[in-house]
Every structure is written in structure tokens, then in C-alpha cells.
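Worksheet: the structure to be examined is printed underneath.
Coordinate-derived values only; no laboratory data. Because the structure is a prediction, the values reported are computed rather than measured. Cβ placement follows ideal geometry from the backbone for every residue including glycine, while neighbour counts extend to all protein chains displayed.
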Amino acid sequence: MDGEGRFDAGSRAAYAHDASNYRQVPIGVVLPRTVDAAVEAVAVCRRHDVAVFSRGGGTSLAGQCCNTGVVLDWSKHCRRCGPTPSAGGRWSSREPAWTTSTPSSPGIT
């Protein structure tokens, strides 16, 4: 898998909460570098019947990503924004953790 897998106690504790009052330590955390890497991680979790929780846009305010399962954290690597070549540059493509506070890619305003 292209990315990072974190299953140590410290990383798991860091992902045990969000902006809500819920606290639940996950099995582990995956920080995919690409969407394809996330697809691969989800496939592994599916083979082992493990729940997957997506995190990274800063919108989890009610415990949506706090549970026993694997957390996919998009915020470290999947933050790019750019034109979509197939649409002739008219549309932009944003990766899962792109937010309005993410610096724009060159040519995107």
C-alpha cells in the first residue's frame, strides 16, 4: 500500500476522538497517499470484516469516525486540487481532504 499504516498505541489514542464527546480507540489508522491506496486498504479491511471510517475534512462533530475499526485519514497526503483534463480544464478535481483552507494548486484560484 502506498501510504502509512499506524497501529501503535499512541497513534490509536490520537484518533480515539474528534470534536464530539465520543471516545473509542480504533484498531489502527491508515494515511493513504492516493485514492488507489485507500481502495487497497478498504479491500484488506473487507477481507477481514473490519469497519472503515473516513476522516480528514474536519467535519466530524458527532463521533462519526470514532469506533473500533480502521480510520482512513486523508488529511496528510490527499489534499490536492487541480483542473480535470477530461473536462477541458473547466472543472476542478479535489481529493478527499481538500478544504477551503487548503492552499490552492498553481493555476487554481
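Side notes on the structure shown:
- Measuring nothing but how far apart in sequence close Cα pairs (under 8 Å, 6+ apart) lie, relative to its length, the range 3-78 scores a relative contact order of 39 percent.
- Ranked 46, 33, 55, criterion: other C-beta atoms within 10 Å, fewest first: 46, 33, 55
- Potential lengthening between residue 76 and residue 47 on full extension [0.36 nm per residue; Cα-Cα distance subtracted]: 7.9 nm
- Ranked by the mean number of other Cβ atoms within 10 Å per residue, highest first, peptides 17-25, 67-75 order as 67-75, 17-25.
- Computed E for residue 64/residue 40 - FRET, C-beta separation, R0 22 angstrom, nearest 0.05: 0.45
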